[in-house]
Amino acid sequence: MTSSEQRKEIQRRIWAIANDVRGAVDGWDFKQYVLGALFYRFISENFASYIEGDDSDVNYAQLSDSVITPDIKDDAIKTKGFFIYPSQLFVKVTKNANTNESLNTDLAKIFGEIENSAVGYSSKDDIKGLFADLKTTVAKIDQLRASINEIVSETEGTS
């Protein structure tokens, strides 16, 4: 699928979900959540590509968090400004997003850990508040957890 086709497909899916939840969720909250999910996907894929280093034998998402040494983490933070464990990657989170009853809580924890990974590094101020606009605990959004989970999992299907 070309970049243009991917963009059109994402727009189509987001529009369809927005129509489903119209009136039940404030448009601004919905927009922030969708944009935040797309941003999370982008930085996850970008981070995984950095770790993989164009080595087709390495699939960061398939690694266990336990293989990450302090030196690997330190080097990545110094280079990228933050760290994402394999289990925290967008692709891993979306595998069970449709059935994950605690997705919003899980995302809030992951976002906090990504931001906190920069503490003690020069990127701390750049990363602090990175996900501040993505409110995972907005009551109206929490009531529509299934639709939100669909947003996250639907964006995964457009890779």
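Bear in mind these aren't lab numbers, they're just calculated from the coordinates by the rules spelled out. Being a predicted model, the structure only gives us computed values, none of them experimental. Please note: Cβ atoms are built from the backbone with ideal geometry, for glycine as well, and neighbour counts cover all protein chains shown.
Could you estimate the translational diffusion coefficient of the range 65-139 from the Stokes-Einstein equation, with Rh from the Kirkwood formula over C-alpha pairs, at 4 °C and 1.567 mPa s, in whole µm²/s? Value of D from the Cα-based Kirkwood radius: 97 µm²/s. For the cross-link pairs K8/K124; K31/K109; K31/K124; K78/K109, the ones whose C-alpha atoms lie over 24 Å apart are K8/K124; K31/K124. Once the Cβ-Cβ distance of S56 and S3 is raised to the sixth power relative to R0 = 30 Å, the FRET efficiency obtained is 0.90. Here the Karplus curve 6.51 cos²θ - 1.76 cosθ + 1.60, taken at θ = phi - 60°, turns the phi angles of the range 31-42 into couplings of 4, 4, 5, 5, 4, x, 5, 5, 5, 4, 4, 4 Hz, with x standing for Gly and Pro. Once the chain from W15 to K73 is taken as fully extended at 0.36 nm per residue, the excess over their C-alpha distance is 17.1 nm.
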